[in-house]
Each structure stands twice: as structure tokens, then as C-alpha cells.
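Reviewing the structure listed below.
The values are calculated or read from the model by the stated rules, or taken from the named source; none is laboratory data. As the structure is a prediction and not an experimental result, all values here were calculated from the model. So basically every Cβ, Gly included, is an ideal-geometry build from the backbone, and we count neighbours across all protein chains shown.
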């Protein structure tokens with residue numbers, strides 16, 4: 001029987017358990033996929049801890065790549081033996097050797113993209129796409145401020161933004177990650193314990209940046225606002241330090257009529273046409289080498305708890321892949 005990761009309660013990595021599961025035949029509009037690589041993301045830890053609501057018991061994981069093993073009635077464009085990848089909203093079940101999934105999430109893989117790369121990049125790469133083109137449309141010459149610039153999403157955003165002609169200021173948590181962020185196209189790299197606001201203002205001639213991409217959350221929220229220029233956009237897309245606490249809207253007006261958005265990927269790929277557009281642009285960037293997907297570490301599926309500990313402990317770089 002295939003194996004999958006399940007949680008019966010919210011908590012730390014210790015709640016993750018690997019067990020054997022039954023995988024049904026696909027129903028109408030569904031496809032059964034045998035996974036060959038699974039993406040690990042910070043959002044997985046939010047679900048595990050109960051920060052984002054899901055019913056229990058539950059699986060985990062939002063992105064993976066593999067091979068179609070069966071298709072249900074009404075499915076077109078997909079067939080057994082085909083290589084596919086996905087990033088999907090709940091129900092969560094990517095942390096598994098095999099699963100059934102709604103066909104609407106599946107994207108055929110180009111020959112040039114291997115399955116580990118696809119698993120490492122679907123959720124993170126599509127996140128980079130919407131951050132740079134939908135949450136705020138980055139233009140040539142824009143300064144942007146990017147947290148966790150050596151991480152999975154950060155490395156992709158930095159490379160993609162640099163290829164657009166943006167000037168990227170990256171923030172990293174340690175001196176060891178500075179060179180990594182620089183290699184991703186960051187023009188300037190700051191350490192998290194620097195005087196971020198002063199450094200950003202100095203780099204931008206006192207103006208501030210038009211956009212901040214903040215995946216940290218609670219501890220960096222006001223710092224991020226203070227780095228923005230007048231009418232700037234604060235894109236808060238993660239909570240690694242905890243969720244942002246309630247704040248007065250007057251905080252935005254007194255800093256120059258700022259905008260704040262709290263986006264989620266699945267609002268940008270809800271329509272099939274949007275998913276296909278995002279994947280086309282993502283795959284093109286990878287194939288052109290504008291974006292190089294760096295898999296910093298892999299773990300077998302039965303070491304998933306260790307992988308979560310390393311991710312939350314900021315001991316990972318680039319993308320992390322679980323291997324069934």
C-alpha cells in the first residue's frame with residue numbers, strides 16, 4: 001500500500017506521522033498520480049500548527065510532481081504515463097506516494113523540466129509570478145525590498161525581478177546567506193539585525209521602495225511600512241514570525257498613503273486560464289535560465305519531521321524536496 005503523511009492534531013513536527021493509506025480509483029474529473037517528488041513549503045508548517053484552518057485528521061502538502069496512473073470520466077488532455085505537476089488548495093495530500101486529485105490543478109510538464117525541479121517550483125514559482133506581476137507590477141528600474149532572499153520563494157523572486165531589470169534589496173538571516181542572495185541577483189543584501197529602514201532609505205536616495213515583499217509577518221510589519229515610499233505597496237505574504245497583529249489604518253496614512261495587501265496564490269490561479277498563464281511564464285523563465293531552481297536539500301518522506309524542523313529553524317537554503 002502507498003504511504004502518506006497524516007496529522008491527527010495541531011502542533012510541532014512531532015505530530016507528523018507516516019502511515020499506509022488506501023488510494024481510490026479516480027472519480028469523474030479526477031486523476032490518480034504517483035508522486036516522484038514533493039515540494040516542502042513554509043505554508044505547510046502553518047497548516048500543521050493550526051494557523052490556517054483545516055479539518056482533522058488531514059494530510060499535508062500543496063505541491064508535487066509525478067506520473068499519471070489513471071484518469072476518471074470526463075478528463076481530457078491527461079493520460080496514464082504522462083508527467084505532471086501541481087500546486088493545489090486543500091484538501092492537502094501532496095505528502096504522499098500516490099493520491100487522487102481534481103484534474104483542474106494538473107499541468108503537463110515540458111520535456112526540459114524534470115520532476116524534482118517541478119515539485120520544487122510550482123507553488124513557489126507561481127507565487128513569484130503573482131507577486132511580481134499581480135500584487136505589484138514590477139518595472140525596470142524599480143527598487144524592491146525582499147525578505148528571506150536566500151530561501152525558496154525569495155531566491156525565485158530575486159532572480160525573476162532582476163531579469164525584469166528591477167534593483168533588488170534582499171534581507172537574509174545570517175552572513176552565510178549573503179553570498180547566496182547576491183548570486184540570485186540582489187544588488188544589495190542586508191542582515192536582518194541591520195538598521196533596515198536606514199539602509200533602505202540610504203540606498204534609494206531617501207525615497208524608500210515602491211514595494212516590499214514581506215514573508216516574515218509580525219516582527220517586521222512596521223519596519224516594512226517604514227521602508228516604503230509615498231503610495232508604496234506592502235505585500236505581506238507569509239507569517240514565519242507569526243501573523244500580523246491588528247493595526248490602525250491611520251498607520252498607512254501617516255506614512256504616505258500606503259497600500260497593504262495580504263494575497264494568497266490560489267486567488268490568482270482559481271481560473272484555469274490564469275493557472276496556464278502563470279505556468280507558461282514560469283516554465284519560460286526556467287527554460288531561458290533567467291530563473292535557476294536551486295534544490296538546497298532533499299529528505300526521504302519518512303524524515304518529514306526533520307525537514308519541518310530544519311525549515312522552521314532557517315537551516316535550509318533554496319527549495320526543499322521530499323522524496324517518496
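Limited to region 260-280, what total is found for residues that are more than 16 Å from the chain's Cα centre (by Cα), touching a residue at least 60 places away in the same chain (Cβ under 8 Å) and either under 23 Å from residue 166 (Cβ atoms) or not assigned by TED's automatic domain parsing to the domain that holds residue 43 (or both)? Please lay out each step first, then the result.
Quick first cut of region 260-280, residues more than 16 Å from the chain's Cα centre (by Cα) only: 260-261, 270-274, 276-277, 280.
Filter once more, keeping what is touching a residue at least 60 places away in the same chain (Cβ under 8 Å): 261, 272, 276.
Now drop any that are not either under 23 Å from residue 166 (Cβ atoms) or not assigned by TED's automatic domain parsing to the domain that holds residue 43 (or both), which leaves 261.
The qualifying residues number 1.
Matching residues to (1) out of contact with any strand residue (DSSP E or B) (no Cβ under 9 Å at 6 or more places or on another chain); (2) on the phi > 0 side of the Ramachandran plot; (3) modelled with pLDDT of 95 or more:
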site: 125; (1), (2), (3): no, no, yes
site: 128; (1), (2), (3): yes, no, yes
site: 134; (1), (2), (3): yes, no, yes
site: 138; (1), (2), (3): no, no, yes
site: 143; (1), (2), (3): no, no, yes
site: 147; (1), (2), (3): no, no, yes
site: 150; (1), (2), (3): no, no, no
site: 153; (1), (2), (3): no, no, no
site: 160; (1), (2), (3): yes, no, yes
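Taking region 175-189, which residues are free of Cβ contacts under 8 Å to residues at least 60 places away in the same chain and either surrounded by fewer than 22 Cβ atoms within 10 Å (Cβ to Cβ) or under 20 Å from the mean Cα position of the chain (by Cα) (or both)?
Residues of region 175-189 that are free of Cβ contacts under 8 Å to residues at least 60 places away in the same chain, as a first pass: 175-176, 178-179, 181-189.
Those that are free of Cβ contacts under 8 Å to residues at least 60 places away in the same chain and either surrounded by fewer than 22 Cβ atoms within 10 Å (Cβ to Cβ) or under 20 Å from the mean Cα position of the chain (by Cα) (or both): 175, 176, 178, 179, 181, 182, 183, 184, 185, 186, 187, 188.
Could you tell me which of the residues 252, 258, 301 is over 29 Å from residue 59 (Cβ atoms), surrounded by 13 or more Cβ atoms within 10 Å (Cβ to Cβ), modelled with pLDDT of 95 or more and touching a strand residue (DSSP E or B) at 6+ places or on another chain (Cβ under 6 Å)?
Working: 252 fails: touching a strand residue (DSSP E or B) at 6+ places or on another chain (Cβ under 6 Å); 301 fails: over 29 Å from residue 59 (Cβ atoms).
From the options 252, 258, 301, the qualifying one is 258.
Tally time: how many residues in region 1-46 are free of Cβ contacts under 8 Å to residues at least 24 places away in the same chain, assigned to a strand (DSSP E or B) and within 27 Å of residue 75 (Cβ to Cβ)? Can you show your working first?
Step one: of region 1-46, the residues free of Cβ contacts under 8 Å to residues at least 24 places away in the same chain are 1, 17, 19-20, 22.
Restricting the remaining residues to those that are assigned to a strand (DSSP E or B) gives 17, 19-20.
Adding the requirement that they be within 27 Å of residue 75 (Cβ to Cβ) leaves 20.
Residues that pass the stated criteria total 1.
Let me spell it out: the conditions are (1) farther than 25 Å from residue 206 by Cβ; (2) surrounded by fewer than 15 Cβ atoms within 10 Å (Cβ to Cβ), and residue 282 meets all of them except one. Which number is the exception?
With (1) farther than 25 Å from residue 206 by Cβ; (2) surrounded by fewer than 15 Cβ atoms within 10 Å (Cβ to Cβ) applied to residue 282, the lone miss is (2).
Any idea which residue in region 304-315 is surrounded by the fewest Cβ atoms within 10 Å (Cβ to Cβ), counting only those that are at pLDDT 95 or above and touching a helix residue (DSSP H, G or I) at 6+ places or on another chain (Cβ under 9 Å)?
At the first step, the residues of region 304-315 found to be at pLDDT 95 or above are 304-310.
Filter again for touching a helix residue (DSSP H, G or I) at 6+ places or on another chain (Cβ under 9 Å), leaving 304-309.
Working: 304: 23, 305: 18, 306: 13, 307: 24, 308: 24, 309: 15.
The selected residue is 306.
Just give me the residues in region 56-92 being assigned to a loop (DSSP other than H, G, I, E, B), touching a strand residue (DSSP E or B) at 6+ places or on another chain (Cβ under 9 Å) and closer than 21 Å to residue 282 by Cβ, in sequence order.
61, 62, 77, 78, 82, 88, listed by residue number.
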